[in-house]
Amino acid sequence: MRPYPPPSPVAVPDLSAELWKSAVRVLDTNWSGDHTVPSRRLYPHQWSWDAAFIAVGLAYVNPTRAWRDLHNLFEAQWPDGRVPHIVFDPATAEDDYFPGPGFWNVPVLAGRPARRSTGIVQPPLHALAAWEVYRHASAHGAACVSEARTELAWLYPRLVRQQEYLTERRDAAGAGLASIVHPWESGLDNSPAWDQALSEVPADMSLLDRYQRRDLAVSEAAHRPTDQDYARYVGLILNYRDGGYSDTELVQRHPFAVECPSFNSILGVAELALAQIAGVLGRTSDARRHRDRAREITAAISRRLWEPETRTFRARDARTGRLSPVRCVSGLMPLMLPDLPADQVQAIMAEARSERFGLPAPSVDRTDESFDTHRYWRGPVWVNVNWLLRRGMQVHGFRGEAEQLRRAMLRLVHEHGHYEYFHPESGAGLGAPTFGWTAALCLDLLADRSAPAYARAD
Ligand code: 9WN
């Protein structure tokens, strides 16, 4: 099986070959035998949406490893269809990450292998990742195409069960959208999008005496969530855990249930990727059903998460019905959906171009009082959400902006390294220095400028 050669340095002069090699090195360093860690020091296990982004990059250099990564994650899928947000590496000590497997203490579930996991989820980006790995398989030869077909067939029913779990069990408000039960489920952990809903969650500071934060030992406190937020995070897990990780009557039993525009846009895009996968597997009527589901999710996002006065998408608290008052990058993510109404598409583009965001987009409106240049998801630039935003631009034919964003991201990583996130003004690298998805998505940004196959024709 041959890896792709580095791309010729056409689009971003002088940096392609070097960047390609350094990205491959990061992915090699972070490979742990059957999965890729996001970062050796800060995140020494397998994370769910990281695995999807990482597979998108591995598609170019080591598709077998991409499939292995996805396989490892889905081997830990729960019987109810949920795919855990972390699959713990048994070779890593309990103390190397908090909250570790002992804290989550997930029940022994029928049919589940011994792999220990958390009980919450992350955005379901894996169908899109699987499709991307499959799509590039032919470039690596016939053996890879056959491997890709086998893996797609194995993954497809599991991906469908993940969608069913999220759309059926997590529809806390009964309005056609999935609710997250913990900010970590969004992947945008301490975004100000959750501040209003989190203010209703008790912050029991004594929990931090009982349980030691590990993140502060390996990164700077000024970059990480505050103790008050962490106490709430821990309290939310305890509540969900003590309820047996059950999703029945979430709104009544759990103090945090929020419809996130980014999570739900990915849920919709997953249906479109599943339609493509179903097509390859010869399941024509399933493909049609997935496309219908994508349209329904898009319509629900467009109806429920749109704030007409500011013409922006916001997170909705499923318990109180209130929309978050802060403009965050998650509000730009519905652009990924091809059937989003044209006026909402235009409004997202206007927001992205405005002084509030700009390209690459910071995680929060630069003019908002919560904007913080250093703190996790409260201002810094992240490559993964900008990569998703670029896909949205491609889907709706904004080729100029998509190319501008592609170059801006590559330049950022070339100048500063494969960091976890970047200072939104100086571009300085922040967080973990050899971060899996930053490296993986760089490979994709260097190699592929085609629009997603389900893009609108106009
Ligand atoms: C908690 C691994 C993960 C990412 C998330 C990011 C961060 C974890 C943490 O790291 O979350 O899940 O400890 O802060 O916010 O998006 O998947 O890279």
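We did not get these values from a lab; they are worked out from the coordinates using the rules stated. Everything numeric here is computed off the predicted structure, so don't read it as measured data. Positions of Cβ are generated from backbone atoms using ideal geometry, with glycine treated the same way; all protein chains shown enter the neighbour counts.
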* Structure fact -> Dividing the helical contributions, -39500 (n - 2.57) per DSSP H run of n ≥ 4, by the residues of the chain yields a 222 nm value, nearest 500 deg cm²/dmol, of -14000 deg cm²/dmol
* Structure fact -> Distance in nm between Thr64 and Glu403 label points, each 7 Å along Cα→Cβ, equals 3.8 nm
* Which peptide among 422-432, 330-340 comes first, and what is the full order, when sorted by highest mean count of other Cβ atoms within 10 Å? -> 330-340, 422-432
* Structure fact -> Under 5 Å from the placed amide H of Thr312, counting only residues 5+ away or on other chains, we find Glu307
* To do: Work out which helices of the chain, taken as complete DSSP H runs, extend at least 27 Å along their axis over the Cα atoms and score a mean Kyte-Doolittle of 0.0 or more, then list them.
  => 261-280
* To do: Quote the relative contact order of the chain in percent (integer), defining contacts as alpha-carbon pairs under 8 Å separated by 6+ residues.
  => 17 percent
* Asked: Quick one: length gained pulling Ala453 to Thr320 fully straight, 0.36 nm per residue minus the C-alpha distance?
  -> 44.1 nm
* Calculate, for Arg353 and Glu94, the FRET efficiency according to 1/(1 + (r/R0)^6) with r their C-beta to C-beta distance and R0 35 Å; round to the nearest 0.05. => 0.15
* Asked: Taking a label point 7 Å from the Cα of Glu220 along the Cα→Cβ vector, which residues of segment 427-453 have an amide N closer than 11 Å to it?
  -> 428-431
* Structure fact -> In terms of the alpha carbon gyration tensor, root eigenvalues a ≥ b ≥ c, rounded if a/c is under 1.5 and otherwise prolate when a/b exceeds b/c or oblate, segment 185-279 is prolate
* Asked: So, in nm, how far is label Ala428 from label Asp195 when the simple model puts each one 7 Å beyond its Cα toward the Cβ?
  -> 2.3 nm
* Structure fact -> By the Cα gyration tensor axes a ≥ b ≥ c (a/c under 1.5 gives rounded; else a/b larger than b/c gives prolate, otherwise oblate), the shape of segment 85-142 is prolate
* Structure fact -> Nearest-0.05 FRET efficiency for Arg295 and Thr367 at R0 = 35 Å, using Cβ-Cβ distance, is 0.55
* Evaluate the chain: find the radius of gyration of its Cα atoms, find its Kirkwood radius, and give the ratio Rg to Rh. => 0.93
* **Using alpha carbons only: equivalent-ellipsoid semi-axes of segment 354-443, gyration tensor based, whole Å** => 19, 17, 10
* Over segment 309-458, calculate the relative contact order: mean separation of alpha carbon pairs under 8 Å at least 6 apart, over the residue count, as a percent. => 20 percent
* Structure fact -> The answer for Tyr376, listing residues at least 5 apart or on another chain whose modeled amide H is closer than 5 Å to its amide H, is Arg224
* Using a simple spin-label model with points 7 Å from Cα along the Cα→Cβ vector, what separation in nm is obtained for Arg411 and Tyr211? -> 4.3 nm
* In sequence order, calculated HN-Hα J values of segment 323-334 (Karplus, 6.51, -1.76, 1.60; Hz; x Gly/Pro) -> 8, 5, x, 9, 7, 10, 4, 4, x, 8, 5, x
* To do: Please work out whether segment 391-436 counts as rounded, prolate or oblate from its C-alpha gyration tensor, where a ≥ b ≥ c are the square roots of the eigenvalues and a/c under 1.5 means rounded, while otherwise a/b larger than b/c means prolate and anything else oblate?
  => prolate
* Long-range amide H contacts for Tyr421: which residues qualify at under 5 Å (H placed 1.01 Å from N, peptide plane, sequence gap of 5 or more or a different chain)? -> Leu430, Ala432
